[in-house]
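To start, the structure under review is shown below, and the notes come after it.
The values are calculated or read from the model by the stated rules, or taken from the named source; none is laboratory data. Source: prediction; values computed, not measured. Please note: Cβ atoms are built from the backbone with ideal geometry, for glycine as well, and neighbour counts cover all protein chains shown.
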Amino acid sequence: MYHLATFCLVALIFSSCKKEKKVYADVIYTKPAIVKDPPIDFLSPEESIKTMHLPEGYRVELVASEPMINEPVAIEWDGNGKMYVAEMLTYMQDVDGTNQQKPWSRISVLEDLDNDGKMDKSTVFIDSIILPRIIMPLDDRLIVGETYNRHIWSYRDTDGDNVADEKIKLLDAPKRDNSNLEHQSASMLWGIDNWLYLSKNSIRYRFTRGKIEADTLQDAPNGQWGLTQDEIGQLYYSSAGGEVPALGYQQHPYYGTLELEGKWEEGFEQVWPITGTPDVQGGLKRLREDGTLNHFTASCGQAIYLGDKLPPNLYGDLFIPEPVGRLIRRAKVENINGKKVLKNPYEQTEFLASTDMNFRPVDTKTGPDGCLYIVDMYRGIIQEGNWTRKGSFLRPVIEEKGLDKNIGKGRIYRIVHDEIKPSKVENLLDKSAKSLLPYLGHANGWYRLNAQKLIILKKDTSVIPKLQSMASKGKPLERLHALWTLEGLDAINESTVLKALKDEDARVKQAALRLSEAFHAKGNAAIFSALASMKTDTDINVIVQLLLSLRANKTPEVKSLIKEIMAAHPNNEVVKVTGEEGIKEVPPVIEQLKKKYVLENSHVRKNIIEGYKNYNSICAACHGKNGEGIDGLAPALVGSPRVKGNKDITTKIILNGLTGPIDGKTYSGVMVGMKHQDNDWLASVLTYVRKEFNNASPVGGWQVQQIRSQIKNKEDYFTIKELYKNK
């Protein structure tokens, strides 16, 4: 829709056909002049579409809008193409977020009755819930999670009226999540490996025997709103709070978190809106001289496009909405020597940018019609009330512009191409497991993943022989999904894995390596021999996955093999990092701590782990390994009012030390201060002894710095009397 004539970039896109190659022009022209101070009035969907600029040949079509939906934040489809929409009806209905925690939100189901791509009917599927943040269809059931509530539910419509009348608790998790709603887990997806993943926390789930069972991960990336996967199941996270547009994509979170320098091209984190951006939480430092946003600050709702009805070179690209900037980034995912590097294919320009101040893209998805979908919350305020308080940078901007008045609407769009017709949606739910098998090789990833999921949920073991044949004789992606479908049916055997390890396609071999881990962990000699034979594989991605999978059994032979592989790739950064982690010994107590504190945010969990190490290196000598104290030497930390109480007191003690009688007892020495240690070191120890020994709140490095500044002129030890002088 760029109508200016100044040529900026041309990329040719090729689509393979039987007789000819179709060529699509992907042309970006110089973006329009910046609209520095656009009006904030609501526009109709048709008017709003006219403000959106895309590459030549692409256009935006309306799928649904108000009053059919209001305040939409996420979409999903069931196997028949019915669209579920999560609607946060209480989100920031005024500048203070009044009544935000009231159970007034809902999930609606939308139907396209004539298969023309536009929704014709909307029904409230679930009413009176608190800010829905997890929606994931199973078969005719919908998994749902609400804000502040860690329970996970299944809802079903049993009488065909599109209103849920069955509610079953799948996971009982009574501990309330009291963190800010922007920082809670969201966006559940069914991974290609048949585990259910969330955007945050080192935990994953398995749907089995009608319930959800939890499994802890080592250290999953700390994402926020949005989670997506590529065709082999690599997850992509995003963190608005950290201003990180993409993270966690170097390796699967099952193996822990890995972030690498150079994970995106220089300048990738800069964004290029076409409208002034006064309402940015980061303030003036996040604005250019022309008033536009200069950096990702609200990245969310990302999607790897796996459809088949847009030009083929979009397949596998990552799309990242930026609602503060009113834009959507397209990122090419390039694999450079095993490292995934993100690049913006357009020079200082975005794939989609709008001048409508109320355009708030918060979610993207590959649809069953093969197109790319956009959820537009379409509103004035996008930031949660914690960032719009009195005294904030945002508050006066919101009040001056009247952004708080723009509420109660919402749109869903799809991106189509002028020369490609979207597919008609096929019904999968009523098909037998046998009838679903051909969809495992479908050109649209939506069908591949849904067919796999539905076959597993049907539990029809009669298709296992056919799946075993497909795993070695089908098309590459068909082989890939056949393997994971067998895994989901508990039908993966040694023979199937050994064959797949020799597959000619690197994607299939990577899947086979992951599947081999269950056998390798038990010391299966044939599997280990097959793994060892892959050490000279010519595909670096296979080599990296081999190093990851070898971790399942850290015998001396395995460690020797890892070292041999590392030596064969001395200059490869990914091999070096992955290999070193594979030969590292992790004390069992650290794994226990990770599991125990799996629901804590990643920073607190990291502090607990580091605190355990630091405490045992210095503090345990006097206070005991378990914090119970050593008679005559040092008091107990367990149950100590100074440790579990006011964290300022605990911090003062660790900085300057403590002398004199304590609780009526005299000790042989003094508690020596540790102000020579840095703030993070001290915060880790404080967090460990407060959480592990006393179940008290954690301490951050910034809090240590505050106390350090307050007592910077004090050189001597504290006494108990001094500590409580003004308390």
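When you look at N80, is it part of a loop (DSSP other than H, G, I, E, B), assigned by TED's automatic domain parsing to the domain that holds R206, under 26 Å from L314 (Cα atoms) and in contact (Cβ under 8 Å) with a residue 60 or more places away in the chain, yes or no? Don't jump to the end; show me each part of the working.
Details: part of a loop (DSSP other than H, G, I, E, B): yes; assigned by TED's automatic domain parsing to the domain that holds R206: yes; under 26 Å from L314 (Cα atoms): yes; in contact (Cβ under 8 Å) with a residue 60 or more places away in the chain: yes.
Yes, satisfied.
Considering each of Y413, Y378 in turn, give the residue that is outside any strand (DSSP E or B) and crowded, with 21+ Cβ neighbours inside 10 Å.
It is Y378.
Can you tell which of A567, A532, A521, A552 is more than 27 Å from F207 (Cα to Cα), touching a residue at least 24 places away in the same chain (Cβ under 8 Å) and of a type in the set (A, V, I, L, M)?
Just a single option satisfies the conditions, and that option is A532.
Tell me, which residue of the stretch 216-233 that is at pLDDT 90 or above and over 15 Å from the mean Cα position of the chain (by Cα) is farthest from Q251 (Cα to Cα)?
As a first pass, look at the stretch 216-233 and keep what is at pLDDT 90 or above: 223-233.
From the residues that got through so far, the ones that are over 15 Å from the mean Cα position of the chain (by Cα) too are 231-232.
Working: E231: 14, I232: 11 Å.
Going through the qualifying residues, I end up with E231.
Examine the stretch 627-645 for a residue that is basic (K, R), surrounded by 16 or more Cβ atoms within 10 Å (Cβ to Cβ), at pLDDT 90 or above and not in a loop (DSSP other than H, G, I, E, B), and state whether such a residue exists.
So the first thing to find is which residues in the stretch 627-645 are basic (K, R), and the list is 642, 644.
Those still in the list that are surrounded by 16 or more Cβ atoms within 10 Å (Cβ to Cβ) too: 642, 644.
From the residues that got through so far, the ones that are at pLDDT 90 or above too are none.
No; the residues of the stretch 627-645 include none that is basic (K, R), surrounded by 16 or more Cβ atoms within 10 Å (Cβ to Cβ), at pLDDT 90 or above and not in a loop (DSSP other than H, G, I, E, B).
Is it the case that the stretch 697-711 has a residue that's of a type outside the set (D, E, K, R), at positive phi and exposed (fewer than 12 other Cβ atoms within 10 Å of the Cβ)? Write out each step before concluding.
Kept after step one, since they are of a type outside the set (D, E, K, R), are these residues of the stretch 697-711: 697-707, 709-711.
Narrowing further to those that are at positive phi: none.
Among the residues of the stretch 697-711, not one is of a type outside the set (D, E, K, R), at positive phi and exposed (fewer than 12 other Cβ atoms within 10 Å of the Cβ), which makes the answer no.
Among what's in the stretch 25-77 and is touching a Ser or Thr at 6+ places or on another chain (Cβ under 8 Å) and part of a strand (DSSP E or B), pick the residue that is modelled with the lowest pLDDT.
Y29
Does the stretch 244-266 contain any residue that is touching a His at 6+ places or on another chain (Cβ under 7 Å), in contact (Cβ under 8 Å) with a residue 60 or more places away in the chain and surrounded by 23 or more Cβ atoms within 10 Å (Cβ to Cβ)?
Within the stretch 244-266 (the criterion being touching a His at 6+ places or on another chain (Cβ under 7 Å), in contact (Cβ under 8 Å) with a residue 60 or more places away in the chain and surrounded by 23 or more Cβ atoms within 10 Å (Cβ to Cβ)), the answer is no, since none of the residues qualifies.
Of all residues in the stretch 434-455 being assigned to a helix (DSSP H, G or I) and of a type in the set (A, V, I, L, M), which is nearest to the chain's Cα centre (by Cα)?
Within the stretch 434-455, the first condition is being assigned to a helix (DSSP H, G or I), and the residues that meet it are 434-441, 445-455.
Checking which are of a type in the set (A, V, I, L, M) leaves us with 436-437, 440, 449, 451, 454-455.
On the way: L436: 29, L437: 29, L440: 25, L449: 18, A451: 23, L454: 24, I455: 26 Å.
Checked the stretch 434-455; the qualifying residue nearest to the chain's Cα centre (by Cα) is L449.
What helices (runs of 4 or more DSSP H) lie completely within the stretch 538-619 and have 1 or more residues being surrounded by 17 or more Cβ atoms within 10 Å (Cβ to Cβ) and at pLDDT below 95?
Because the criterion is at least 1 residues that are surrounded by 17 or more Cβ atoms within 10 Å (Cβ to Cβ) and at pLDDT below 95, the helices (runs of 4 or more DSSP H) in the stretch 538-619 that meet it are 573-583, 588-596, 602-614.
Could you tell me how many of the residues in the stretch 435-459 are among the basic types (K, R) and buried (at least 22 other Cβ atoms within 10 Å of the Cβ)? Give the steps one after another, and end with the answer.
If we filter the stretch 435-459 for residues that are among the basic types (K, R), which is where we start, we get 448, 453, 458-459.
Those left that are additionally buried (at least 22 other Cβ atoms within 10 Å of the Cβ): 448, 453.
Qualifying residue count for the region: 2.
Which number in (1) out of contact with any Gly (no Cβ under 7 Å at 6 or more places or on another chain); (2) under 24 Å from L142 (Cβ atoms) marks the one condition that V397 misses?
(2)
Output the residue which, of all residues in the stretch 350-375 that are hydroxyl-bearing (S, T, Y) and within 25 Å of the chain's Cα centre (by Cα), is surrounded by the most Cβ atoms within 10 Å (Cβ to Cβ). Steps first, answer last, please.
Residues of the stretch 350-375 that are hydroxyl-bearing (S, T, Y), as a first pass: 354-355, 364, 366, 373.
Those left that are additionally within 25 Å of the chain's Cα centre (by Cα): 364, 366, 373.
Numbers: T364: 27, T366: 25, Y373: 21.
Per the criteria, the residue is T364.
Just the residues that are in a strand (DSSP E or B), of a type in the set (D, E, K, R) and out of contact with any Asp or Glu (no Cβ under 9 Å at 6 or more places or on another chain), please, taken from the stretch 128-170. Spell out how you get there, then give the answer.
Narrowing the stretch 128-170 to residues in a strand (DSSP E or B): 128-129, 132-137, 141-146, 152-156, 166-170.
Subset that is of a type in the set (D, E, K, R): 133, 141, 146, 156, 166-167, 169.
Within the stretch 128-170, E146, K167, K169 meet the criteria.
Is it true that I653 is crowded, with 18+ Cβ neighbours inside 10 Å and either within 37 Å of the chain's Cα centre (by Cα) or of a type in the set (S, T, N, Q) (or both)?
Criteria not met by I653.
Is it fair to say N656 is farther than 30 Å from S199 by Cα and touching a residue at least 40 places away in the same chain (Cβ under 8 Å)?
yes
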